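Since the structure comes first, as structure tokens, the remarks are kept for the end.
The values are calculated or read from the model by the stated rules, or taken from the named source; none is laboratory data. As the structure is a computational prediction, the values presented were derived from the model and not from experiment. Here the Cβ is made from the backbone with ideal geometry for all residues, glycine too, and neighbour counts use every protein chain on show. The area values use the complete protein model at the heavy-atom level, side chains included, leaving out ligands, DNA and RNA. Shrake-Rupley method; radii C 1.70, N 1.55, O 1.52, S 1.80 Å.
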Amino acid sequence: MRRILVSLGAVLLVFALVWLYLIFPGMAKLPADYEKVYRFEGTVQVFNPATGTLVPINTKMDRTLNATEVNDNDALILQQVIKFTESTSGVPLSAINPALAALDSTETYAVDRTTRANVAGGDKSRSGQFTFPADTQQETYQFWSATTGSSLPATFVGEETINGVKVYVFKIDSKGNAYPNAANGAPQTVDVATTIKVEPVSGTPVYTTSKTTIIMQAGATTFIPVLINESTFTQATVDEAADEAASNRSLILWASVYGFWAAIGLGVILVLIGFLKKS
């Protein structure tokens, strides 16, 4: 019996270490069949040169992510499709104003499955994070911005609770960026203001709101906002994301913390009982 108890305890200790360092890291990666739809609502304001004013359009936007493969470097290849529609009619914005067709996009990203940073293998060279990693820290992360074609700093600013889930709040506030997509050739810049609230254990985004302002230089000292795009997670998306974040957090904690230490503790107890047992 003594030998059996020591052996069982040793097996539990080895299993706990193998689980934590060899098995669990694979489970924590972005899955090969990753898919997600984020739904936003907001407004797009477009400059009307005839009246010299911004004309608002209430909008809905879907951001759809689908994994297509895992490449030889273990990067997840993700296709991202963004589609804007008028909020009430569902008519594509491009049909309402052809100049807004550029808001829609289809892009291919290559994402490190562990760090969730952009890596080589997508349809263009990108830097920074695609999304937050598991075990998100209270620090500044560089995030890729498709609007500016560069990485922008997302700075930790505090903590909140959404639907009972603790989240870290990060803000991007970057002004005067070069705007590479100007259609009319006039000098333009873009301001980006984004707030992202993320469950830190799993790295699951629970809330996102973003405002981009494109500013055109119309004269030596005259600058005109020609497009303002504001989009925020719908409440249904927030509720769904909070549920997912709570589930992911619980799974990770049980798999990597509670379960690990329970196995370690039981293993140690069995070994000690085995050694203390007389026969």
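Inspect all residues belonging to the range 35-55 and state whether any of them is of a type in the set (Ser, Thr, Tyr), under 24 Å from residue 251 (Cβ atoms) and at pLDDT below 95. No, the range 35-55 has no match at all. Against the list (1) in a loop (DSSP other than H, G, I, E, B); (2) over 17 Å from residue 244 (Cβ atoms), the condition residue 156 fails is (1). The residues in the range 217-239 that are in contact (Cβ under 8 Å) with a residue 60 or more places away in the chain and either among the small types (Gly, Ala, Ser) or more than 14 Å from residue 61 (Cα to Cα) (or both) can be counted, and the count is 9. Close contacts from the range 43-69, counting a first residue that is of a type in the set (Lys, Arg) and a second that is surrounded by 12 or more Cβ atoms within 10 Å (Cβ to Cβ), with Cβ to Cβ under 6 Å and a gap of 6+ residues or different chains, come to 60/41; 60/85; 60/87; 63/38; 63/82. Does residue 258 satisfy being open to solvent by 50 Å² or more (accessible area, probe 1.4 Å) and at pLDDT 95 or above? Considered against the rule, which asks whether it is open to solvent by 50 Å² or more (accessible area, probe 1.4 Å) and at pLDDT 95 or above, residue 258 comes out as no.
For every residue, the table says whether it meets (1) in a strand (DSSP E or B); (2) in contact (Cβ under 8 Å) with a residue 40 or more places away in the chain; (3) not basic (Lys, Arg).
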{"residue": "126", "(1), (2), (3)": "no, no, no"}
{"residue": "152", "(1), (2), (3)": "yes, yes, yes"}
{"residue": "161", "(1), (2), (3)": "yes, no, yes"}
{"residue": "172", "(1), (2), (3)": "yes, no, yes"}
{"residue": "197", "(1), (2), (3)": "yes, no, no"}
{"residue": "207", "(1), (2), (3)": "yes, yes, yes"}
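Within the option set 73, 58, being assigned to a strand (DSSP E or B) and open to solvent by 40 Å² or more (accessible area, probe 1.4 Å) holds for one residue only, 58.
Against the test of being of a type in the set (D, E, K, R), modelled with pLDDT under 95 and closer than 30 Å to residue 246 by Cα, the options 173, 135 yield a single qualifying residue, 135.
Looking at the range 167-182, is at least one residue under 17 Å from the mean Cα position of the chain (by Cα), open to solvent by 50 Å² or more (accessible area, probe 1.4 Å) and polar (S, T, N, Q)? Looking through the range 167-182, none of the residues is under 17 Å from the mean Cα position of the chain (by Cα), open to solvent by 50 Å² or more (accessible area, probe 1.4 Å) and polar (S, T, N, Q). Looking across the range 224-237, the residues that are surrounded by fewer than 19 Cβ atoms within 10 Å (Cβ to Cβ) and hydrophobic (A, V, I, L, M, F, W, C) come down to 224, 236.
Take the conditions surrounded by 12 or more Cβ atoms within 10 Å (Cβ to Cβ) and farther than 20 Å from residue 33 by Cβ and apply them to residue 99. Does it pass?
Yes.
Residues considered: 88, 106. Of these, the only one that is over 19 Å from the mean Cα position of the chain (by Cα), under 28 Å from residue 46 (Cβ atoms), free of Cβ contacts under 8 Å to residues at least 60 places away in the same chain and open to solvent by 60 Å² or more (accessible area, probe 1.4 Å) is 88. What is the one condition in (1) among the polar types (S, T, N, Q); (2) closer than 21 Å to residue 47 by Cβ; (3) modelled with pLDDT under 95 that residue 212 does not satisfy? Of everything listed in (1) among the polar types (S, T, N, Q); (2) closer than 21 Å to residue 47 by Cβ; (3) modelled with pLDDT under 95, residue 212 misses just condition (3).
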